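What follows is a set of notes on a single structure, which appears directly below.
The values are calculated or read from the model by the stated rules, or taken from the named source; none is laboratory data. Remember, it's a predicted structure, so these values are computed and weren't measured experimentally. Cβ atoms come from the backbone with ideal geometry, glycine included; neighbour counts cover every protein chain shown.
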Protein chains: 2
Amino acid sequence: MSGLNARAGIVVTGTEVLTGRVADANGPWLSERLTELGIDHAHTIVVGDRPDDLRAALEFLARLGVELIVTSGGLGPTEDDLTASVVAEFSGRDFELDERLEARIATILEKLTARWPDLDLEAVAHGNRKQAMVPDQAAVLEPVGTAPGFVVTPAEVGKPTVVVLPGPPGELRPMWKAAVATDEFRAAVGGLATEYRSQQLLMFGIPESEIAETLRVARARGVDLDALEVTTCLRRGEVEVVTRWEPPLQPVYDAFLAVIRERHADTIFSDDGTSIDDQVAALLSSRALTIATAESCTGGLLAGRLTERAGSSAYVLGGLVVYANEAKTALAGVDASLIEAHGAVSTEVAFALARGAAAALGADVGVGITGVAGPGGGTEEKPVGTVCFSVCHGDASLTRRLQLPGSRADVRDRSTTVALHMVRRLLLGEHD
Amino acid sequence: MSGLNARAGIVVTGTEVLTGRVADANGPWLSERLTELGIDHAHTIVVGDRPDDLRAALEFLARLGVELIVTSGGLGPTEDDLTASVVAEFSGRDFELDERLEARIATILEKLTARWPDLDLEAVAHGNRKQAMVPDQAAVLEPVGTAPGFVVTPAEVGKPTVVVLPGPPGELRPMWKAAVATDEFRAAVGGLATEYRSQQLLMFGIPESEIAETLRVARARGVDLDALEVTTCLRRGEVEVVTRWEPPLQPVYDAFLAVIRERHADTIFSDDGTSIDDQVAALLSSRALTIATAESCTGGLLAGRLTERAGSSAYVLGGLVVYANEAKTALAGVDASLIEAHGAVSTEVAFALARGAAAALGADVGVGITGVAGPGGGTEEKPVGTVCFSVCHGDASLTRRLQLPGSRADVRDRSTTVALHMVRRLLLGEHD
């Protein structure tokens, strides 16, 4: 890839993020936003709450020659929140109290403090004052929570502009929009002109090595893959191929896409950015079908995933979590003798669970999942990772027994993906 | 903090991680392992699959003077997996095919390929050869999947040693243990001698600003907080304070702890590293109690969380996902007139759900959750974020209506945390 206008780096601060007590939601989100703007993003650096480490990260990115640095976190009221002062120093700017900003934050805090009757108002005032300190010449981004953000231009020409954002994603995201709209931001990245295109292909039911071979086949047929940016990865049981290219290279991508379609037509389920979750939601909604689940090893995760999106109440009626065998019988009406004869983890019981879920909730589509998530409970005949699935709709059904790799969490998560793919296939007409 | 023996940096590779299509599980996990060994870890850098970006990250860490770099990812069979060759070059080492390693990988692949009948064996052989390329003088870490790892010592004195690990956590974790056991690793970090202590305190039911004030109070009383490393953060509705100190500073920590306990005694629920999930599991197990859930807005996430741990079948009987009002009535026996009178989101319905879950599954403890997760569905009286909870055990019960902040996903996740805290409090004797 070449020809992109500006380059940026992301610095995520917080010892809790560095050490993994909190997962970083901001680095990936900011990366996507930068890419959308045609800004090349090569490094995200996670640092703890130590000023020297933050300084080193900023200086590394400056040395790489990026035009823009985006930081997240470290703007809170506590003493370990030091981003604003370190950035001011890095940018060669004084760091001063903005009394009007202090007053605006105080107004916000008044509302919040009403929720906590025993609050120490001294503490609140102290935090308020700290959060109203502003690097000289910075554009102030009005707080969404209580922390303002900043777009800090460097005192010295040639150094990067720094966008300073708070850590909570609910604050960072709207404030990012405000940052992009500032003159300071536009000046730093020089107009955001380069257009690019990208496509994501999702496949289900093949190993990643098959894609590696497809890349070699494409090269052998003369496709100039070096002109494209191709990323492949395996996640949640799906293989993802994302390609990015500049418009003049469209014929190169078309040639590449033709090779992929030729080799993987039957496993590509998405070429338009939709996830399997999107597709199942659309299939159910568009046909006014309702769905219900009966889950053993996944313990409610499939129902949780189906109800992730707003509006899912239009098609999700509910579900049964039938962890104990007695629950399978009492709630989903699975015959105790069926469990006795085939075992709780069996295609027979999965089928009965799917039927039982649909019946108990009066749903059009039923899903049953039963398996050995591990780490214990495996046998020679049914080792850890054995999961049986069944989906039914009217008289049609699809029932499968699979052997899934990975940890307990992997098996449970992967099972929800498999179940969604089986619902999709059933609704598209495939059945046993 | 001072006196730690060695310093390390982590480099996580993969465009899919940089752009957030896959969440990084390895950076945080490796950070914890380094910290346990007394190795100071200040930076985790996420880079895409571009050799120049990986090289820049390695060189940045080398310039900081770290003794050790740990990389994850980029060891797969596809062309964008380039970590091993870039590290060989960075370390000034030749990069050569190890034929005996190639044969060992081939043996592993034979077993795997049996699972994919239509596999392209040419592709497999090509990937095999790529994964058997080894930097000269490196200690080879035997593959857990198909990719070997390496501990690469630098050709030049003063540069860091690099531990090269594969991306899948199920492979990386056992191979990390093998890496730590090598002479090359020990030599790089010089014996791992410094002992340190740490404690995590978890609180529920206070805002983070209260902790900021506690830090100021501690300083005002003469506690030398600069001698400790204190991190505070808010996550999933809980406030976490983690402190790390060297053994001679125990009295400083004791004084700090006394201030915290004095100010926050009623909200500290954990000082021994246990999570609320651990505590609920232990309370149920130790009393041989069973639990069942009836969830509306959380859609199965509480049941999913309760069944996260192996062995949870000892106390989780199952649950009801009662998304539709008809399901609340049909499955949990909630009177339709009760829903009519108070609305589906009401403490009355939450109470009926808790009782209904316990009755339907024959469980000792019942939990009911009903709320407005948003973004739609809010009213003036019951805005988005309004969630009603009830837990019951025999005749005792606890019922609450709360207003939770954040997005749909935040409200749903936070609700599972609140429910677990209410179960804990009920089992410890608190009730309405």
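With respect to the conditions (1) without any contact (Cβ under 8 Å) to a residue 12 or more places away in the chain; (2) touching an Asp or Glu at 6+ places or on another chain (Cβ under 7 Å), B:GLY376 lacks only one, and its number is (2). Test A:LEU284 against the stated conditions and say whether it is out of contact with any Phe, Trp or Tyr (no Cβ under 9 Å at 6 or more places or on another chain) and among the aliphatic types (A, V, I, L, M). Judged against the criteria, A:LEU284 is not a match. Looking at the stretch A:310-328 only, could you name the residues that are more than 8 Å from every other protein chain (Cβ to nearest Cβ) and either touching a residue at least 24 places away in the same chain (Cβ under 8 Å) or crowded, with 24+ Cβ neighbours inside 10 Å (or both)? If the condition is that a residue be more than 8 Å from every other protein chain (Cβ to nearest Cβ) and either touching a residue at least 24 places away in the same chain (Cβ under 8 Å) or crowded, with 24+ Cβ neighbours inside 10 Å (or both), then A:ALA314, A:TYR315, A:LYS328 are the ones that fit. A:ARG129 meets each of the listed conditions (1) over 26 Å from the mean Cα position of the chain (by Cα); (2) surrounded by 17 or more Cβ atoms within 10 Å (Cβ to Cβ) apart from (2). The single condition among (1) away from chain A (no Cβ under 14 Å); (2) charged (D, E, K, R); (3) closer than 18 Å to B:GLU32 by Cβ that B:GLU240 does not satisfy is (1). Here A:MET1 meets the list (1) buried (at least 19 other Cβ atoms within 10 Å of the Cβ); (2) modelled with pLDDT under 90 almost entirely, failing just condition (1).
Could you say which residue among A:LEU353, A:LEU331, A:LEU302, A:LEU338 is under 25 Å from A:VAL280 (Cβ atoms), in a helix (DSSP H, G or I) and more than 10 Å from chain B (Cβ to nearest Cβ)? So that I can check it myself, show each step before the final result.
Values: A:LEU331 fails: more than 10 Å from chain B (Cβ to nearest Cβ); A:LEU302 fails: more than 10 Å from chain B (Cβ to nearest Cβ); A:LEU338 fails: under 25 Å from A:VAL280 (Cβ atoms).
Matching residue, one of A:LEU353, A:LEU331, A:LEU302, A:LEU338: A:LEU353.
If the condition is being touching a Leu at 6+ places or on another chain (Cβ under 9 Å) and in a helix (DSSP H, G or I), then the stretch B:265-278 contributes B:ILE276, B:ASP277. With respect to the conditions (1) surrounded by fewer than 19 Cβ atoms within 10 Å (Cβ to Cβ); (2) assigned to a strand (DSSP E or B), A:PRO375 falls short on a single one, namely (2). When A:GLU99, A:GLU32, A:GLU67, A:GLU110 are checked against the criterion of being modelled with pLDDT under 90, farther than 29 Å from B:VAL230 by Cα and more than 10 Å from chain B (Cβ to nearest Cβ), A:GLU99 stands alone in meeting it.
When you scan the stretch A:316-327, do you find a residue that is more than 23 Å from A:LEU427 (Cβ to Cβ), in a loop (DSSP other than H, G, I, E, B) and under 33 Å from the mean Cα position of the chain (by Cα), even just one? Before the answer, list the steps.
Initially, the stretch A:316-327 is screened for residues more than 23 Å from A:LEU427 (Cβ to Cβ), giving A:321-327.
Checking the rest, the ones that are also in a loop (DSSP other than H, G, I, E, B) come to A:323-324.
Next, from what is left, pick out any that are under 33 Å from the mean Cα position of the chain (by Cα): A:323-324.
Yes, the stretch A:316-327 has at least one match.
Within the stretch B:35-64, the only residue that satisfies the criterion of being among the charged types (D, E, K, R), facing chain A (nearest Cβ under 7 Å) and assigned to a helix (DSSP H, G or I) is B:ASP53. Selection of the stretch B:55-85 for residues being over 20 Å from B:ARG173 (Cα atoms) and either of a type in the set (Asp, Glu) or in contact (Cβ under 8 Å) with a residue 60 or more places away in the chain (or both) yields B:LEU58, B:GLU59, B:LEU61, B:ALA62, B:VAL66, B:GLU67, B:GLU79, B:ASP80. Within the stretch B:284-298, does at least one residue satisfy the condition of being assigned to a helix (DSSP H, G or I) and under 30 Å from A:ARG309 (Cα atoms)? No, because not a single residue in the stretch B:284-298 is assigned to a helix (DSSP H, G or I) and under 30 Å from A:ARG309 (Cα atoms). The single condition among (1) part of a helix (DSSP H, G or I); (2) modelled with pLDDT of 90 or more; (3) not acidic (Asp, Glu) that B:ALA187 does not meet is (2). B:VAL162 fulfils the conditions (1) assigned to a loop (DSSP other than H, G, I, E, B); (2) of a type outside the set (Ser, Thr, Tyr); (3) closer than 30 Å to B:GLU79 by Cβ except for a single criterion, (1). Of the residues making up the stretch A:197-216, just one is among the hydroxyl-bearing types (Ser, Thr, Tyr) and modelled with pLDDT of 90 or more, namely A:THR214. Against the definition (in the same structural domain as B:ALA88 (by TED's automatic domain parsing), within 28 Å of the chain's Cα centre (by Cα) and either surrounded by fewer than 20 Cβ atoms within 10 Å (Cβ to Cβ) or touching a residue at least 40 places away in the same chain (Cβ under 8 Å) (or both)), how does B:PRO135 come out, yes or no? No; evaluated as a whole, the condition is false for this residue.
Of all the numbered requirements in (1) among the basic types (Lys, Arg); (2) under 26 Å from B:SER72 (Cβ atoms); (3) out of contact with any strand residue (DSSP E or B) (no Cβ under 8 Å at 6 or more places or on another chain), B:ARG244 misses one, and that requirement is (3). Do we have A:SER285 as polar (S, T, N, Q), out of contact with any Gly (no Cβ under 9 Å at 6 or more places or on another chain) and surrounded by fewer than 21 Cβ atoms within 10 Å (Cβ to Cβ) here? In short, no. Among the residues making up the stretch B:378-396, those that are surrounded by fewer than 19 Cβ atoms within 10 Å (Cβ to Cβ) and not charged (D, E, K, R) are B:GLY378, B:THR379, B:PRO383, B:GLY394, B:ALA396.
Considering only residues of the stretch A:199-227 that are within 13 Å of chain B (Cβ to nearest Cβ) and touching a residue at least 60 places away in the same chain (Cβ under 8 Å), which is nearest to A:VAL418 (Cα to Cα)?
Going residue by residue through the stretch A:199-227, those that are within 13 Å of chain B (Cβ to nearest Cβ) are A:200-202, A:205-220, A:223, A:225-226.
Narrowing the set further to residues that are touching a residue at least 60 places away in the same chain (Cβ under 8 Å) leaves A:200-202, A:205-206.
On the way: A:GLN200: 20, A:LEU201: 18, A:LEU202: 14, A:GLY205: 9, A:ILE206: 13 Å.
Here the answer is A:GLY205.
If we scan the stretch A:301-324, do we find a residue that is over 30 Å from B:GLY319 (Cβ atoms) and small (Gly, Ala, Ser)? Among the residues of the stretch A:301-324, not one is over 30 Å from B:GLY319 (Cβ atoms) and small (Gly, Ala, Ser), which makes the answer no. State whether the residues of the stretch B:252-264 include one that is among the basic types (Lys, Arg), more than 10 Å from chain A (Cβ to nearest Cβ) and not in a helix (DSSP H, G or I). For the stretch B:252-264, residues among the basic types (Lys, Arg), more than 10 Å from chain A (Cβ to nearest Cβ) and not in a helix (DSSP H, G or I): absent. The selection criterion, being surrounded by fewer than 21 Cβ atoms within 10 Å (Cβ to Cβ), more than 24 Å from B:GLY170 (Cα to Cα), in contact (Cβ under 8 Å) with a residue 60 or more places away in the chain and of a type in the set (A, V, I, L, M), does not hold for B:ALA88.
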